[in-house]
Amino acid sequence: MKLPFSLLLLIMILFTPFSGKAFCFLAAGKMYQIDPLLLIAIAEVESSMNPKAIGLNKKNGVVKTEDIGLMQINSSWLPQLSHSFGITRKTLLNNACQNLYVGAYILAKNLSRHGVNWTSVGAYNAGFKQGNEKNRLKYAKKVYRKYRDLLSGNREVIIERASRGECI
C-alpha cells in the first residue's frame, strides 16, 4: 500500500530527530525516492546552501511572498504546512533538515502529479501556471547543469560535504 505524501511527511516529522545544523540529503532523498544529488543541486541553485536565506518576491514593489531557508520554501505553502504538520516559518528557517524534507516533499508532489521530467523540476521554482513556461525552463536548466556537475564527482564525498552545509 502506497502512503499519501502528507502522511509520509507527518511520519517523518514525528520520528526523525532533527538538528538545525544537519542537512539530511540522503535521508530525504531516500524517503521521497529522489536522488540526493538532485536535492543538493536544487539547494545550491535556490540558496547557495544557506539555511538562513530569505528571498522576497515582489510585484510592483510590494512583497507578495517570501522564500524561506535552504530549499527556499515559498511562504504560500505555510498555511498547509502549519495546518497539516505544525511547520512554521520559524521551523523552516531554523531547521535546515526540516526545510530540506519539505523541499523534497514539494518536489515529489510535482514529480508524482506531472511526471519525472525537467518541467516538474522547473515547477519547483516557477510552478505550473500557464505563462511560466520560460521561467520553468530557465530554472530547470540551472538545476540540470548543477546536477550534471555533481554527477561527475564522487557521490559519497559530495553528499557528506553537502550534509555539513558546504557549497559543492
Modelled label-to-label distance, F128 and V157, 7 Å Cα→beta-carbon offset: nm?
-> 4.0 nm
Nonlocal amide H pairs with I73, under 5 Å, H built at 1.01 Å = I68
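Of all the stretches in the chain, which is the longest one without any exposed loop site, taking trypsin sites (Lys or Arg not before Pro) in a DSSP loop (any state but H, G, I, E, B) with at most 15 other Cβ atoms within 10 Å?
Values: sites that count: K2, K21, K52, K129, R164.
The answer is 53-128.
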The extension gain from L26 to C167, computed as 0.36 nm times the residue separation minus the Cα-Cα distance, is 49.2 nm
How many nm separate the modelled label positions at I54 and D35, each set 7 Å beyond the Cα in the direction of the Cβ?
-> 3.5 nm
Regarding the stretch 38-137, what are the three Cα extents along the principal axes, ordered largest first, in Å?
-> 32, 31, 28
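Return the calculated 222 nm mean residue ellipticity for the chain, to the nearest 500 deg cm²/dmol, obtained by summing -39500 (n - 2.57) across DSSP H runs with n ≥ 4 and dividing by the residue count.
Mean residue ellipticity, 222 nm, calculated: -18500 deg cm²/dmol.
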Any idea what log10 I(q)/I(0) is at q = 0.09, 0.12 Å⁻¹ for the chain, Debye with uniform C-alpha scatterers and no solvent?
-> -0.27, -0.50
When we measure straight from the Cα of K58, which lysines land under 30 angstrom away, once same-chain ones fewer than 8 places off are left out?
-> K21, K90, K109, K129, K134, K138, K141, K142, K146
At D149 and T88, where each label point lies 7 Å from the Cα along Cα→Cβ, what is the point-to-point distance in nanometres?
-> 3.7 nm
Find how many whole Å separate the alpha carbon centroid of the stretch 102-168 from the alpha carbon centroid of the stretch 73-98.
-> 20 Å
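Every number here is computed from the coordinates shown, using simple stated rules; none is lab data. Predicted model only: the values in this text are computed from it and were never measured. No Cβ is skipped: glycine too gets one built from the backbone with ideal geometry, and neighbour counts run over all protein chains shown.
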